[in-house]
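Inspection log for the structure reproduced underneath, given as structure tokens.
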Amino acid sequence: MKNQKPKSKVSYTTNQFTWIPIYQELAKELVNWQKRQNELISFLEQLRADGHVITPLNDKDENGFRFLLKEIDPFTFFGVFNRRIGYDQRLSILSRIKQHFKLKSDLPEDFNGVPVLNNLTSWFFPYLESRDRKDISKLWRVFQLALEKSPLKSRDFLQAFDDALKVKQTNLNLTMGLFWIDPSIFLNLDQTNRAHLKIKLPVNGLNAKFYAETVKQFDTSKKSFPQISLEAWGVENERSRMISESKRSYQVQSVKQPYRIENMAEDGVFLAEDKLKEILERLQAKKALILQGPPGVGKTFIAQKLGQALIGEIDRQRLEMVQFHQSYSYDDFVRGYRPLPDKAGSFRLQNGVFYNFCQRAANDPNHEYVFIIDEINRGNLSQIFGELLMLIETDKRSPEYAVQLIYHAPNEARFFIPSNLYLIGLMNVADRSLAMVDYALRRRFAFVALKPQYKNDLYRQWLLDRSMNADMVNLIIERMSALNQEIKEDPLLGENYQIGHSFFCPNGDDFSGPNNHWYQQIIQTEIVPLLREYWFDNQTKAEDAERRLLA
């Protein structure tokens, strides 16, 4: 998320928001293009052919068949250069747009305060398989009415606003799009801005009446809507930050960065938002969850992001992580006697990491805390948890079920696991050395299976959005999918031994560097050794798989 900066409270001495004039001019021009949508799509495809990082325009029908879009709305067109891509990429796209539409406004020197879309959900409408035939026209209508005089006092606009909200995938992005085209009138209610302004949505979701009332409430403040958005989003890119240093002075007060499910996809969690919500709901209900799957499916990474989504912000003080192993004990986890370094032969009672974390959570009951256990099935679970096995259960999270710890001080209060503490365990199901998980533990945890995501469109697009060569993306997906199919069909292995996609997720935001040499290194140093372990009794099979991967 290199474009998103932590929220800030900023004071300024000069004017800014140089993006506003060209955005408004483009909006007024696009009003006339509803019947020329095919030309807009062709223009964007030409930009893609010329090497620009463009929102994918491949539609999908109910049979899964993919084809180029045949219709597009103006908000999605704006979203092409208001996504999480680099400053230079955004400016380059906007430069071509200015040339194509013969816009007179100068190109901006900044994108400060501009809210941006999630790269993986940057359309304002769903695929054809889920789209109503009037969805695109609803978006065009609210766009056009928004540019008329006093739209928030217009019944037609408010009705069009509510109609547009019925389009799947639009939702709060509608307020973001309206802010783009006229930030003097419209307030964006994206998650970042709502958290900054402490706005709570109605129980039944956003509606035109609530939106108009909220805009009116904040329109009376001394700050403009762009200033409010800038306080929430921060300086939007490194180039505009460098430009601004010579033009303005400001004071910054850092606050914690909000984190929600919608942030997980852009970070590289390739699960549908509905699936992520379902997992989060199970964690909230059970308070103990195990993510299990073969190597490389991102268990640790997903657990951390899931914990942040549950907490609602990136706060390392409220998320702890340990890794179990064969020597890990109750003394390490809960409490035990440890030798005093300065007194030979002397010991003292010392609290373990989980005990301390429970105390931290108990002292802060209004916030959620998440404890992650990597390789949970590598430890002797009954020995490590001891009497805490009972306390994990959802209905035992209170002083009523508190127990006396094995090691306790005189008159010490009984111990319980607070209700605001959530456990996430991680389990590699492909490790032959591991014993079966204790059935007592199975009853206390909800289990979620994670699988390789090579064939997931989110994974493919995530790589493409970070400038990985399309041929390399196809090579990875095709060859690793074929290998996993072979592993699944092996009677001695099966789906639990598939190889996950995270082996082919380079670090950073620019994947233009990974080439055939990089791919061969991953195969030879990470994948092949795993295959030789899998087929230790049939090395010929491992060698054949290696040849196919490197062909």
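The values are calculated or read from the model by the stated rules, or taken from the named source; none is laboratory data. Predicted model only: the values in this text are computed from it and were never measured. Quick reminder, even Gly has a Cβ in these numbers, built from the backbone with ideal geometry, and neighbours come from all protein chains shown.
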TODO: Could you please let me know if Gly86 is small (Gly, Ala, Ser), buried (at least 17 other Cβ atoms within 10 Å of the Cβ) and farther than 17 Å from Arg131 by Cβ?
DONE: yes
TODO: Name the single residue, out of those in the stretch 504-519 being of a type in the set (Phe, Trp, Tyr) and more than 13 Å from Asp465 (Cβ to Cβ), that is surrounded by the fewest Cβ atoms within 10 Å (Cβ to Cβ).
DONE: Trp518
Open item on the list: Given the criteria loosely packed, with under 13 Cβ neighbours inside 10 Å and either under 25 Å from the mean Cα position of the chain (by Cα) or at positive phi (or both), does Gly113 qualify?
Closed with: no
- [ ] Go through the residues of the stretch 132-152 one by one and say whether even a single one is among the polar types (S, T, N, Q), closer than 26 Å to Ser224 by Cβ and at pLDDT below 90.
- [x] no
- [ ] Within the stretch 192-211, identify whether any single residue is assigned by TED's automatic domain parsing to the domain that holds Phe124, aliphatic (A, V, I, L, M) and within 19 Å of Ala27 (Cα to Cα), and answer yes or no.
- [x] no
- [ ] Kindly check whether there is at least one residue in the stretch 143-166 that is touching a residue at least 60 places away in the same chain (Cβ under 8 Å), closer than 22 Å to Leu57 by Cα and not in a helix (DSSP H, G or I).
- [x] no
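Is it the case that the stretch 85-101 has a residue that's closer than 24 Å to Asn456 by Cα and assigned by TED's automatic domain parsing to the domain that holds Asp132?
Within the stretch 85-101, one or more residues are closer than 24 Å to Asn456 by Cα and assigned by TED's automatic domain parsing to the domain that holds Asp132.
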TODO: Specify the residue that is modelled with the lowest pLDDT; the eligible residues are those in the stretch 451-476 that are closer than 21 Å to Ala430 by Cβ and crowded, with 19+ Cβ neighbours inside 10 Å.
DONE: Tyr459
- [ ] Determine which member of the set Glu313, Glu320, Glu368, Glu375 is touching a Pro at 6+ places or on another chain (Cβ under 7 Å), closer than 30 Å to Lys277 by Cβ and of a type in the set (Asp, Glu).
- [x] Glu313
Open item on the list: Considering only the stretch 500-508, I want to know if a residue exists there that is in contact (Cβ under 8 Å) with a residue 12 or more places away in the chain, assigned to a helix (DSSP H, G or I), hydroxyl-bearing (Ser, Thr, Tyr) and within 23 Å of Ile85 (Cα to Cα).
Closed with: yes
Open item on the list: Tell me the residue from Ser327, Ser346 that is within 24 Å of Leu391 (Cα to Cα), among the small types (Gly, Ala, Ser) and either touching a residue at least 24 places away in the same chain (Cβ under 8 Å) or not assigned by TED's automatic domain parsing to the domain that holds Gln191 (or both), please.
Closed with: Ser327
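To keep it simple, each residue is scored yes or no on (1) touching a His at 6+ places or on another chain (Cβ under 8 Å); (2) in the same structural domain as Ala272 (by TED's automatic domain parsing); (3) assigned to a helix (DSSP H, G or I); (4) over 24 Å from Ala542 (Cα atoms).
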position	(1), (2), (3), (4)
Ile477	no, no, yes, no
Ile487	no, no, yes, no
Pro491	no, no, no, no
Ser512	no, no, no, yes
Open item on the list: Name the residue that is modelled with the lowest pLDDT, counting only residues in the stretch 220-267 that are among the aromatic types (Phe, Trp, Tyr) and within 24 Å of the chain's Cα centre (by Cα).
Closed with: Trp233
TODO: Return only the number of the condition from (1) surrounded by 17 or more Cβ atoms within 10 Å (Cβ to Cβ); (2) over 23 Å from Leu117 (Cβ atoms); (3) within 27 Å of the chain's Cα centre (by Cα); (4) not β-branched (Val, Ile, Thr) that Asn204 does not satisfy.
DONE: (1)
Task: Enumeration of residues in the stretch 1-32 that are modelled with pLDDT of 85 or more and in contact with a helix residue (DSSP H, G or I) (Cβ under 6 Å, 6 or more places away or on another chain) - done: Phe17, Tyr23, Ala27, Glu29, Leu30, Val31
TODO: For residues that are touching a helix residue (DSSP H, G or I) at 6+ places or on another chain (Cβ under 7 Å), farther than 19 Å from Ser95 by Cα and part of a helix (DSSP H, G or I), tally how many sit in the stretch 34-63.
DONE: 1
Open item on the list: Looking only at the stretch 488-503, filter to residues that are surrounded by fewer than 21 Cβ atoms within 10 Å (Cβ to Cβ) and in contact with a Gly (Cβ under 9 Å, 6 or more places away or on another chain); which one of those is nearest to Pro294 (Cα to Cα)?
Closed with: Asn496
Open item on the list: With the requirement that a residue be closer than 16 Å to Asn351 by Cα and surrounded by fewer than 14 Cβ atoms within 10 Å (Cβ to Cβ), what does the stretch 409-431 give you?
Closed with: Ala409, Pro410, Glu412, Ala413, Arg414
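Go through the stretch 311-427 and tell me which strands (runs of 3 or more DSSP E), entirely inside it, have 2 or more residues that are touching a Lys or Arg at 6+ places or on another chain (Cβ under 8 Å) and at pLDDT 90 or above.
Correct list: 369-374.
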Open item on the list: Which condition from (1) on the phi < 0 side of the Ramachandran plot; (2) without any contact (Cβ under 8 Å) to a residue 40 or more places away in the chain; (3) surrounded by fewer than 14 Cβ atoms within 10 Å (Cβ to Cβ) is the one that Ile406 breaks?
Closed with: (2)
